[in-house]
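Comments concern the structure below.
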Amino acid sequence: MRVVLINPPHPYLKDPTSQAPLGLLYVAAALEKQGVPVTITDLATRSYDEEYDIPEADLYGFTGTIIDRVPITKVAQQIKARNPDALTLVGGPISLAADQLDRQYIDSVVVGEGEHVIFDVLEDAQSSGKIQPVYRAERITDLDALPHPARHLIEHQGGNIFAYGKNYKDGGSAVIITGRGCPYNCAFCASPGIWRRKVVYRSVPGVLAEVDELQSKYDIHQLRFSDDTFTLKKERVFEMCQGLKERDVRWRASIRTVPHDLDMFQAMYDGGCREVAFGVESFDPDVLKKMLKKATPEDNAQAIRNAHEAGLTVRVLFMIGTPGESERTVDLNIEALDQLPYDTIALTNFIPIPGSAIADYPEDFGCIIRDTDIDHYNFYLWGPEGENKWRDLISLDDLSDDKLRDNRERMKQYVIQSGKVNRG
C-alpha cells in the first residue's frame, strides 16, 4: 500500500519551518525499513484556503496538536473529494480531542506512538479495505531499535531555533529527541494522558550517532532538544554534554526549573548549549500549587540565576489566566521578573487542554470550563499578523471574570513593554 504522511498547515505560527514534524519522520522511517512506499507532504507553510497538491495514496496519515483540527479537516476533505475510498488517519496530541474530529473525513485516530501500530493499520486496510475507528498503541520500550527519523523526505529541517534569530553555526538546525514521556503530573499538561507518566530514554551513544548523521549527511550543527525531561537525570546530562562537546554542536533545550544546579548548567554550556527555556508558568505560589507544578517561586528564580551565571541565554515560558490566580498574581510575577536576569519571555493564555487534569476534573481546580471548542484554543500571544485575540475559556470560583481578564491584560502589557517578548 502507498502511504502519504501529512504535516498540516500552520498559519498561526510566525515561523512554521522552525520545527520539523518529528513524529511523522519516525513513522516514515519505520515504514521505509519494512519496504512500504511512503512520502511526506509538509504543508506547514501553507494557508487554510488552498488547493493542496497531495500525491495519490491508499492511506493518509496526519499529525497535529489540538489547534490543528481545522487544517487537518480541510486537507482530509480535499483528499476524500478526490478519492472517497482513501483512508485517513490522525495521530499526535490531537488524538486526545478525538471527539471533536470530523469523522466524515477522518476514518481513524491513533492514540500513542505510531511506529509499531501503523503496521496494524496497514494490515487491516489490506485485508478488509477498512480500518478501526481507534488504535491504541503500546508504549515502545526500546527507542534505540527505531530507525533514525527519515529526514530526507522533507525540505525544511528547521528554521531559527534560538532567541532573537541568533545562529551559532552554519548549516541550519534540526529538532531531536533523546527520550519520551514525563513522570510529572502538572494539571495543565496533556503529557500524563499521552505518556502515562512513564519515561523511556534512548541511550546516549544512540543519540550521538544521530547527531553524527545530522552533521555528516545534512550539514546540521544546531539542535533543538524537544524532550519533556532532558535534565531529569543529571548524570545522563553530563554524559550527553561530553559527547555533544566533542561534536562541536550548538543547541537549546526546554527544561524544568528543577533540578537547577549550577554545575549542570555549566556542563551544558561547555557541551554547546546556548539557550534554555524554563517552564516557569508563574511566580505565584498558589498558582504553582494549584497546577501541581512541583516547583516553587524560589526554584524558578534560582534556575534563572544559575543558568544566566553559566552563560546560557534564558527564555522563560509563562502562562496567565490560570486556576489558582488571585488579584496579587500579576504583581508577584512582575516583582520577580524585574529582579531576574532572563533574556526573553513567551507568554501564553491558559487553555484547558483535552487530556489534562484540569480539563477532565475542572471542579477539583476551582474552575468552570466555559468553552470546549478546540478551534478557540489558540494560546499564542503573537501570530503572523500580529497580536492574537485571547478568548475567555474558563471562570474561576475565587476570582471574577473581570479580574481574570484584567490579569491577562496586565501581564500581556507588561511582557510587551519589557522589550523581551518572544514573537517567534
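Given C-alpha coordinates of the stretch 147-241, what is the ratio Rg to Rh with the Kirkwood estimate of Rh?
Looking at the stretch 147-241, the ratio lands at 0.99.
Under the Kirkwood approximation for Rh and a Cα-based Rg, what ratio Rg/Rh is obtained for the stretch 298-357?
Answer for the stretch 298-357: 1.02.
Compactness ratio of the stretch 176-287: Cα Rg over 2.2 N^0.38 Å, N = residue count?
Its radius of gyration relative to the 2.2 N^0.38 Å reference: 1.11.
Where Rh denotes the Kirkwood radius from the mean inverse Cα pair distance, what is Rg over Rh for the stretch 50-127?
0.94
What number in nm² do you get for the stretch 287-424 if you take the convex hull of its Cα atoms and divide its surface by four?
8.6
Given just the C-alpha atoms of the stretch 274-316, how large is their convex hull per residue in cubic angstrom?
It comes to 53 Å³ per residue, whole-number rounded.
So what are the three principal axis dimensions of the chain from its Cα atoms, in whole Å, longest to shortest?
Taking max minus min along each principal axis of the Cα atoms, the chain gives 62, 52, 37 Å.
Taking the chain as a whole, which cysteines find no other cysteine Cβ under 4.7 angstrom from their Cβ?
Among the cysteines of the chain, those whose Cβ sits 4.7 Å or more from every other are Cys182, Cys241, Cys273, Cys367.
What is the spread of the Cα atoms of the stretch 356-399 along each of their three principal axes, largest first, in whole Å?
37, 21, 13
Would you kindly work out the equivalent ellipsoid of the stretch 1-138 from its C-alpha gyration tensor and give its semi-axes, the square roots of five times the eigenvalues, largest first in whole Å?
21, 16, 15
Compute the FRET efficiency between Asp270 and Ser128 as 1/(1 + (r/R0)^6), taking r as their Cβ-Cβ distance and R0 = 60 Å, and round to the nearest 0.05.
Calculated value: 0.60.
Residues of the chain: accessible area per residue at 1.4 Å, in Å²?
42
Given a 10 angstrom Cα cut-off, can you work out which residue in Thr348, Thr88, Thr65 is the most mobile in a GNM of the chain?
Thr65
Rounded to the nearest 500, what is the 222 nm mean residue ellipticity of the chain from helices alone, with -39500 (n - 2.57) per DSSP H run of 4+ residues and division by all residues?
So the helix-based figure for the chain works out to -9500 deg cm²/dmol.
By per-residue mean of other Cβ atoms within 10 Å, what is the highest-first order of 301-309, 332-340?
Answer by packing, highest mean first, reads 301-309, 332-340.
Of all trypsin sites (Lys or Arg not before Pro) in the stretch 15-103, which ones are in loop regions per DSSP and have a Cβ with at most 12 other Cβ atoms within 10 Å?
Loop-located and lightly packed - Arg103.
The values are calculated or read from the model by the stated rules, or taken from the named source; none is laboratory data. On a predicted model such as this, the values are computed, not experimentally measured, just so you know. Neighbour counts run over all protein chains shown; Cβ positions are idealised from the backbone, glycine included. In case anyone asks, the SASA skips ligands and DNA or RNA and just uses the protein heavy atoms, side chains included. Shrake-Rupley method; radii C 1.70, N 1.55, O 1.52, S 1.80 Å.
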